[in-house]
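These notes are about the structure you will find just below.
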Amino acid sequence: MKQTRRKHSPSFKARVALEALKGEETIAELANRFEVHPSQIRTWKKALAENAAGIFGEDHARKKKEDENLVAQLYQQIGQLKVEKDFLENVLRR
């Protein structure tokens with residue numbers, strides 16, 4: 001019998017990783033409580049510890065600015081393609 005993989009939400013992963021970082025319970029106890037494998041908890045804990053500084057640092061602001069620039073470029077390309085499409089439709093109707 002084949003089991004399907006469980007997909008955990010980012011909020012669930014964060015909650016489990018924060019519990020692991022607190023250190024009030026062992027990884028084995030957390031694994032039993034949240035019904036996930038202990039190595040998965042260690043992975044989430046490590047990822048949270050490594051990337052937590054990015055939330056408060058300049059990387060977050062820089063990434064947001066880059067995303068805004070990308071969105072602006074994509075809207076410009078969409079506008080240009082729409083104008084070209086309308087032009088070609090008019091030319092082909094003749």
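The values are calculated or read from the model by the stated rules, or taken from the named source; none is laboratory data. Model, not experiment: these values are computed from the prediction. Cβ: placed from backbone, ideal geometry, glycine included. Neighbour counts: every protein chain shown. SASA here: full protein model, heavy atoms, side chains in, ligands and nucleic acids out. Shrake-Rupley method; radii C 1.70, N 1.55, O 1.52, S 1.80 Å.
Restricting the search to region 17-37, which residues are among the β-branched types (Val, Ile, Thr) and either without any contact (Cβ under 8 Å) to a residue 12 or more places away in the chain or farther than 21 Å from Arg6 by Cβ (or both)?
Within region 17-37, just Thr26 meets the criteria.
So which of Leu74, Leu30, Leu18, Leu48 ends up being open to solvent by 90 Å² or more (accessible area, probe 1.4 Å) and of a type outside the set (Phe, Trp, Tyr)?
Leu18
Given the condition touching a Gly at 6+ places or on another chain (Cβ under 7 Å) and in a helix (DSSP H, G or I), answer yes or no: does some residue in region 51-66 qualify?
The answer is yes, given that some residue of region 51-66 is touching a Gly at 6+ places or on another chain (Cβ under 7 Å) and in a helix (DSSP H, G or I).
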